[in-house]
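Below: the structure, in structure tokens.
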Amino acid sequence: MYASFSVFGFGRTSPAMGVPEEHVDEDHTLHGEVFSVDQLVAHARELGAAHRIVRGRGGNPLLTRLDANEARLTEVYDGLCQAQRAIVPAGEWLIDNHHLILEQIVTARRHLPRRYSQELPRLAAGDPVGAPRVYALAIALISHTDSRVDEDTLLAFIGAYQAVAPLTMGELWAVPTMLRLALLDNLRLIASRVAHVETLRDAAASWAERLVRTADEEPSALVIALGDLAREKLRGSGFVAELHRGLQGQSPNLALVLQWLDQRLAERHQTIGELIRIDHQIQAADQLAVENAITSLRRMGKIDWRDFVEGLSPVERTLNRDPAQAYTTMDFATRDSYRHAVEQLARRCRPHGAAIETAVAEAALGLCVPDMSGAPSKVPSDHVGWWLVDGGRLHLEQHLARTHGLRRPSTCSTAPLPATALLVPMALVTIAAAAGAAWLGGPLLGVLAVLPASQIAATVCNWAATRLVTPRRMPRLEMPHGIQAEHKTLVVVPTMLRRRSDLPSLIEGLLVRHLANCDEGLGFALLTDFGDAETAEVPGDVALLEEAVSALAELNARHGARFLLLHRPRLWNASEAAWMGRERKRGKLEDLNHLLITGDQSRFSLITGASEQLTGVRYVIVLDTDTRLPRDVARELVATLAHPLNQPRIDPASGLVCGGHGLLQPRAAIGLASARKSWYATLWAGDAGIDPYTRAVSDVYQDLFQSGSFIGKGIYDLRAFETAVGGRFPDN
């Protein structure tokens with residue numbers, strides 16, 4: 001084993017295995033005494049007490065060092081690949097795993113942006129001075145585990161350090177990157193050592209070859225060759241072992257050389273056997289160190305770093321005490337957005353640190369007071385997210401400015417922007433474009449250019465808005481066990497029954513959506529009318545409806561009681577002069593909402609299938625016949641609308657949604673197959689084949705004004721929707 005050393009200083013150390021100082025290369029491995037878990041825990045506490053940190057931007061030696069590591073490892077790899085004889089086992093490991101090493105270098109560089117690493121707390125005193133504190137922890141860990149890092153050891157080590165000196169959120173997230181850097185540092189040092197040993201072995205092999213050739217061809221010149229060798233330093237156990245290996249069993253004339261070699265070693269109180277044993281030990285230690293480092297790099301890809309950070313974060317433990325008991329039920333991305341809000345606020349406090357982050361989270365919790373008014377428009381003030389990322393943020397910042405010296409507290413609320421924020425720039429661009437046209441072609445051209453100029457202005461301003469306003473991901477619950485009874489949801493497909501040939505595709509569509517979304521609290525329904533007609537009934541209606549009922553019954557028999565058929569009769573519409581379903585698609589949804597809320601079935605001529613799916617419905621997902629519902633998207637929609645910050649708040653005076661969301665309408669996209677069905681579809685397809693549910697997309701209207709237009713596809717809160725919309729639209 002080798003003593004540990006300063007990583008940035010690369011101080012020279014003495015070997016611990018009896019090899020003379022002049023025989024050892026300056027580059028050693030990051031290898032101190034191997035500790036047990038208990039010893040690691042004690043060492044972590046000592047480091048926590050000893051470390052002194054400094055804040056503020058510093059240099060960024062880690063990226064520079066990473067570049068140097070990459071260059072050196074590649075150089076050694078190229079040299080080992082060109083070797084003409086067997087190389088040491090550590091070198092074979094480096095060759096076989098060079099692709100993995102390069103992957104880890106790319107990963108480390110991607111996760112260590114220059115600005116991020118500069119903001120990490122750095123050591124004012126300790127080893128290495130000036131390095132990020134979390135990097136020093138990574139160095140200490142791998143030094144005392146011989147580069148063997150596993151999740152349990154890492155949790156124990158970081159947890160023990162945090163008991164004395166808590167880490168910031170940024171430091172916890174930097175742990176995997178710093179471990180990669182430390183392991184790559186160690187691999188670079190081992191690679192340099194291997195390259196040095198291979199150079200010595202090459203030199204020893206050349207001397208052995210020269211001596212053997214001289215002994216065979218010109219024995220009288222052997223003394224001269226031996227004199228030249230005597231002027232060479234015996235540079236390490238590897239050189240001596242390889243030289244002895246090359247001379248052993250050769251010409252009897254080499255006895256003089258072997259005797260001389262024994263005498264030189266005896267002067268140092270060593271023997272050939274001892275140096276060969278030391279050489280084998282060094283090779284074995286290097287091989288083990290490389291093997292451990294490579295294995296640790298592989299193992300890091302299997303660690304769930306999200307659980308690691310959440311398990312060690314004091315901020316996480318604080319936010320878990322959310323009085324609304326909603327925080328622990330949210331998905332990771334939402335919890336992470338809350339933690340980022342805490343981190344951003346803490347950076348603006350004086351002094352910034354892990355203790356301030358916890359204090360900010362405690363302050364948000366302290367403001368959580370349940371709204372006991374019972375009003376429909378009450379805000380979720382008992383939920384910590386209201387103060388961190390929603391309407392209570394202004395109040396929290398002002399509170400932190402008084403208690404923790406928060407810099408630049410907000411003076412405006414998070415309310416939606418006024419329409420003028422978008423309309424005024426559009427008007428200015430339109431006027432400028434029209435004025436330019438008038439200047440070039442006269443007043444008439446300027447007037448004619450107003451309409452196209454307004455379209456250009458809208459396009460330009462919308463594009464600018466998507467660049468200036470970052471879309472905010474909506475908070476969401478996790479629902480790991482699917483949609484439960486308290487969030488029962490009905491997926492409905494409003495459609496018309498016109499031909500028998502339409503039935504198979506309608507039934508198959510229900511089945512495909514169910515197979516992709518198998519949650520227990522999810523039901524599926526066809527919401528149907530017959531086509532327009534001159535009479536209330538048309539021959540073939542009964543047979544078509546009976547076939548639909550039969551197909552649905554078979555579907556329920558095969559896949560459980562999950563499917564419904566709700567059919568409405570034709571009514572006379574004097575405005576259209578036809579018998580038709582009342583108000584078409586809007587009327588279907590109005591009648592469905594009436595049925596779900598009141599239980600009154602009179603607006604439907606037939607309700608068949610799993611009628612129990614109609615009770616206790618809280619949300620309704622509306623789809624067109626050609627709209628897909630990708631895997632688990634129904635759960636994601638419900639989980640979003642069910643979040644406390646998204647639950648609709650109704651203004652008692654107007655009956656409108658004044659907070660939260662009554663409905664969500666995901667952005668739809670045209671599928672790859674549908675995009676080529678016509679020239680029109682191709683023109684409007686956009687990024688055909690790209691699943692819109694996997695991307696964060698921007699809709700200017702919704703991003704700026706936090707409201708949208710319902711076009712019949714999406715999810716809505718049943719009672720909020722009916723309160724806001726029910727009875728507001730006259731027929732026709």
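The values are calculated or read from the model by the stated rules, or taken from the named source; none is laboratory data. This structure is a prediction, so every number in the text was calculated from the model and none was measured. Ideal geometry is used to build each Cβ from the backbone, glycine not excepted, and the neighbour counts take in all protein chains shown. Keep in mind that these areas ignore ligands, DNA and RNA; they rest on the heavy atoms of the full protein, side chains included. Shrake-Rupley method; radii C 1.70, N 1.55, O 1.52, S 1.80 Å.
Checking the structure you have, find out if any residue of the stretch 176-189 is part of a helix (DSSP H, G or I) and of a type in the set (K, R). Let's see the steps before the verdict.
Step one: filter the stretch 176-189 for residues part of a helix (DSSP H, G or I), giving 176-189.
Those still in the list that are of a type in the set (K, R) too: 180, 188.
Yes, some residue in the stretch 176-189 is part of a helix (DSSP H, G or I) and of a type in the set (K, R).
Checking L141, L123, L172, L137 one by one, the residue that is under 24 Å from P314 (Cβ atoms), open to solvent by less than 40 Å² (accessible area, probe 1.4 Å) and in contact with a strand residue (DSSP E or B) (Cβ under 7 Å, 6 or more places away or on another chain) is L123 and no other.
Condition first: assigned to a helix (DSSP H, G or I) and exposed (fewer than 12 other Cβ atoms within 10 Å of the Cβ). Now tell me which residues in the stretch 256-293 satisfy that.
Going through the stretch 256-293, the residues assigned to a helix (DSSP H, G or I) turn out to be 256-267, 272-293.
Q259, Q263, A266, E267, G273, listed by residue number.
Restricting the search to helices (runs of 4 or more DSSP H) fully inside the stretch 419-523 and requiring at least 3 residues that are open to solvent by less than 50 Å² (accessible area, probe 1.4 Å) and among the acidic types (D, E) gives an empty result.
Evaluate the stretch 243-259: report whether one residue or more is within 26 Å of L80 (Cα to Cα), modelled with pLDDT of 75 or more and among the aliphatic types (A, V, I, L, M). Looking for residues that are within 26 Å of L80 (Cα to Cα), modelled with pLDDT of 75 or more and among the aliphatic types (A, V, I, L, M), one finds at least one in the stretch 243-259, hence yes.
Taking A136 as the residue in question, decide whether it is of a type in the set (A, V, I, L, M, F, W, C) and touching a His at 6+ places or on another chain (Cβ under 8 Å). For A136, the condition - of a type in the set (A, V, I, L, M, F, W, C) and touching a His at 6+ places or on another chain (Cβ under 8 Å) - is met. Inside the stretch 233-255, residues that are exposed (fewer than 15 other Cβ atoms within 10 Å of the Cβ) and not in a helix (DSSP H, G or I) make up a count of 3.
Across the stretch 234-259, the number of residues qualifying as more than 24 Å from A285 (Cα to Cα) and in contact with a helix residue (DSSP H, G or I) (Cβ under 9 Å, 6 or more places away or on another chain) comes to 10.
How many residues does the stretch 144-169 hold that are open to solvent by 10 Å² or more (accessible area, probe 1.4 Å) and assigned to a loop (DSSP other than H, G, I, E, B)?
Our first condition is that a residue be open to solvent by 10 Å² or more (accessible area, probe 1.4 Å); within the stretch 144-169, this holds for 144-146, 148, 150-153, 155-156, 159, 162-166.
When the remaining residues are screened for being assigned to a loop (DSSP other than H, G, I, E, B), the result is 144-146, 148, 150, 165-166.
The total comes to 7.
Inspect all residues belonging to the stretch 370-383 and state whether any of them is open to solvent by 10 Å² or more (accessible area, probe 1.4 Å), touching a helix residue (DSSP H, G or I) at 6+ places or on another chain (Cβ under 6 Å) and closer than 20 Å to G660 by Cα. Checked the stretch 370-383: at least one residue is open to solvent by 10 Å² or more (accessible area, probe 1.4 Å), touching a helix residue (DSSP H, G or I) at 6+ places or on another chain (Cβ under 6 Å) and closer than 20 Å to G660 by Cα. When we screen V223, V194, V212 for residues that are crowded, with 17+ Cβ neighbours inside 10 Å and over 41 Å from the mean Cα position of the chain (by Cα), the only hit is V212. Can you tell me which residue within the stretch 524-552, out of those that are part of a loop (DSSP other than H, G, I, E, B) and among the β-branched types (V, I, T), is most open to solvent (accessible area, probe 1.4 Å)? Only one residue fits best here, namely T535. Taking residues in the stretch 76-95 that are over 17 Å from A203 (Cα atoms) and charged (D, E, K, R), and partners anywhere that are open to solvent by 40 Å² or more (accessible area, probe 1.4 Å) and not in a loop (DSSP other than H, G, I, E, B), the pairs with Cβ atoms closer than 9 Å and at least 6 places apart or on different chains are E92/Q287.
So, L555, is that one farther than 26 Å from A578 by Cα, open to solvent by less than 10 Å² (accessible area, probe 1.4 Å) and part of a helix (DSSP H, G or I) or not? Even if it seems obvious, please write down each step before you answer.
Numbers: farther than 26 Å from A578 by Cα: yes; open to solvent by less than 10 Å² (accessible area, probe 1.4 Å): yes; part of a helix (DSSP H, G or I): yes.
Considered against the rule, which asks whether it is farther than 26 Å from A578 by Cα, open to solvent by less than 10 Å² (accessible area, probe 1.4 Å) and part of a helix (DSSP H, G or I), L555 comes out as yes.
Filtering the stretch 319-337 to residues that are over 18 Å from Q647 (Cα atoms) and open to solvent by less than 10 Å² (accessible area, probe 1.4 Å) leaves only L319.
Against the numbered list (1) of a type in the set (A, V, I, L, M); (2) assigned to a loop (DSSP other than H, G, I, E, B); (3) over 30 Å from I483 (Cβ atoms), A324 comes up short only at (3). Go through the stretch 73-98 and give me each residue that's within 21 Å of L288 (Cβ to Cβ), in a helix (DSSP H, G or I) and open to solvent by 60 Å² or more (accessible area, probe 1.4 Å). Those that are within 21 Å of L288 (Cβ to Cβ), in a helix (DSSP H, G or I) and open to solvent by 60 Å² or more (accessible area, probe 1.4 Å): Y77, E92, W93, D96. Go through the stretch 574-617 and give me each residue that's over 16 Å from V725 (Cβ atoms) and aliphatic (A, V, I, L, M). The answer is A574, A577, A578, M580, L606, I607, A610, L614, V617.
Checked against the criterion of being in contact (Cβ under 8 Å) with a residue 40 or more places away in the chain, surrounded by 15 or more Cβ atoms within 10 Å (Cβ to Cβ) and not in a helix (DSSP H, G or I), the candidates V620, V638 yield just one match: V620. Under the condition of being open to solvent by 70 Å² or more (accessible area, probe 1.4 Å) and β-branched (V, I, T), which residue from the stretch 400-418 is modelled with the lowest pLDDT? Per the criteria, the residue is T411. Every test in (1) of a type in the set (G, A, S); (2) open to solvent by less than 30 Å² (accessible area, probe 1.4 Å); (3) within 23 Å of L120 (Cβ to Cβ) is passed by A355 save one, and that test is (2).
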